[in-house]
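The next block holds one structure in the form of structure tokens; read it before the comments.
The values are calculated or read from the model by the stated rules, or taken from the named source; none is laboratory data. All figures in this text were calculated on a predicted structure; none of them were measured in a lab. In this analysis, Cβ positions are derived from the backbone assuming ideal geometry, glycine residues included, and neighbour counts consider all displayed protein chains. The area values use the complete protein model at the heavy-atom level, side chains included, leaving out ligands, DNA and RNA. Shrake-Rupley method; radii C 1.70, N 1.55, O 1.52, S 1.80 Å.
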Amino acid sequence: MKNQYNKTITACFAGYIVQAVVNNFTPLLFLFFQKSYHVPISQITLLVTFNFGIQLLVDLLSVRFIDKIGYRVSMIAAHALAAAGLLLLTVLPEILPVPFIGILIAVMIYAIGGGLLEVLVSPVVEACPSDNKEKAMSLLHSFYCWGHAGVVLLSTLFFYAAGIDNWKILAIIWAVIPIGNAFVFAKVPIAPLLEDGENGLGLKELFRLKIFWILLIMMICAGASEQAVSQWASAFAEKGLGISKAAGDLAGPMAFAILMGTSRLFYGKYGDRINLDHFMIYSCLLCILSYLGISLFRAPLLNLIACAICGLSVGIMWPGTFSKASAALPKGGTAMFALLALGGDMGCAGGPTLVGMISDSLGDNLKMGILAGIIFPVLLLLGILRCKKREHPFIMSHAKKACRDINPDRLSYFASFSSFIRN
């Protein structure tokens, strides 16, 4: 039964590679667009905000329509939109009177696909029968890291060998991945997220649960802890070490992505032997130390090493929070995954923004901006500890109810059980 879903899980792995392509390929062309299409830097910067803004909007709206049209149709549409956006990126700037409008339309289309993938991939894997959901979730999210690193490395090598003027060929090559994966999703089995006849929690029901708000804040902090450093890693490498932009991208963001993926791969392989809460707590502590190292070390090389270690520390945060949410709210359904994805994307946008604002207010002092960002792993750590604290009374109250429903005369068994748990 489980073996038939191996292809589904593999297709989901490829889905996160697609998301890595749509998020990280176009930024490599920003300077080229600026020179070739005479796009001002202010508009180039808008493309990043626009991409993630569209994905945030899709995260929010998807709660209303994914369950109605189904996961298979939604997944195929997500890949088709991702491919269409990449292909239109090679055409629209050339045929429209204002090239920037063409780029913006292409970004909007693949951003819709990327936003859908963010919402869809995790619940599809969560629904697949497996012995250890946490392992599968961590391994799944590692593929975004490998996709990120692969896009940067392979694109850099292509531009070096063929010239950046031939970027359209590479865009078409990258578009082949979502096209192929769309056909795969048309055939693979997709398990229902909930049992037949069951309905997932609605927005109002989720909003009434304190544990959901704790998990949502954790998700925001997970995205912010990751991106607050990742977005500035290249600047550390380029300015601190005095190397080129290409070398800075390889030494900064790529090293961060590889170590983040390594952390997720490690838990994906050995997660059945590791307590998730302990792993997340130690990761938060390591993240806090890496933020301090980035901010307080005077040697640029040590700053860069601390950036890389930060990638290692944040690896489990995003998939671990998803896993904790699935365990705490098994009937959360599509709404829960969509809102958690929304929270994660808000963190991804808000973390670097806070760092930039603090840095700017202190005279472009990037180290102090990163130091201010330490609030995110600290809050995430507090959230994990709070979730652990809630587990004990939750188990006790439900055990007591079960004993009462079975036989009121046997409540003495509950007293013994309670004493055993406390001890």
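Counting only protein chains, not ligands or nucleic acids, how are I370, I105 ordered by accessible area (probe 1.4 Å), most first?
I105, I370
Got a sec? What order do K269, K324 fall in by accessible area at 1.4 Å, biggest, i.e. largest, first? Write down the numbers at each step before the final one.
Working: K269 125, K324 25 Å².
Descending accessible area places them as K269, K324.
Can you put E126, E94, E226 in order of accessible area, largest first, using a 1.4 Å probe?
Numbers: E126 35, E94 100, E226 15 Å².
Final ranking, largest accessible area leading: E94, E126, E226.
Given a 1.4 Å probe, how much area per residue of region 258-322 is accessible, in Å²? Let's see the in-between values first.
Numbers: 2710 Å² over 65 residues.
Per residue, region 258-322 has an accessible area of 42 Å².
When the accessible area of region 60-187 is split by element with a 1.4 Å probe, what percent falls to carbon and sulfur?
73
When the label point is put 7 Å from the Cα of L385 along its Cα-to-beta-carbon vector, which residues of region 285-301 have a backbone N closer than 17 Å?
285-289
Quick check on my link table: of K135/K210; K7/K331; K35/K168, which ones sit more than 19 Å apart, alpha carbon to alpha carbon? Don't skip to the end; give the middle numbers.
Details: K135/K210 26 Å; K7/K331 25 Å; K35/K168 16 Å.
Long pairs (Cα-Cα over 19 Å): K135/K210; K7/K331.
Please give the per residue accessible area of region 1-123, computed with a probe of 1.4 Å over protein heavy atoms only, in Å². Spell out each step's value before the answer.
Details: 5080 Å² over 123 residues.
Each residue of region 1-123 exposes 41 Å² on average to a 1.4 Å probe.
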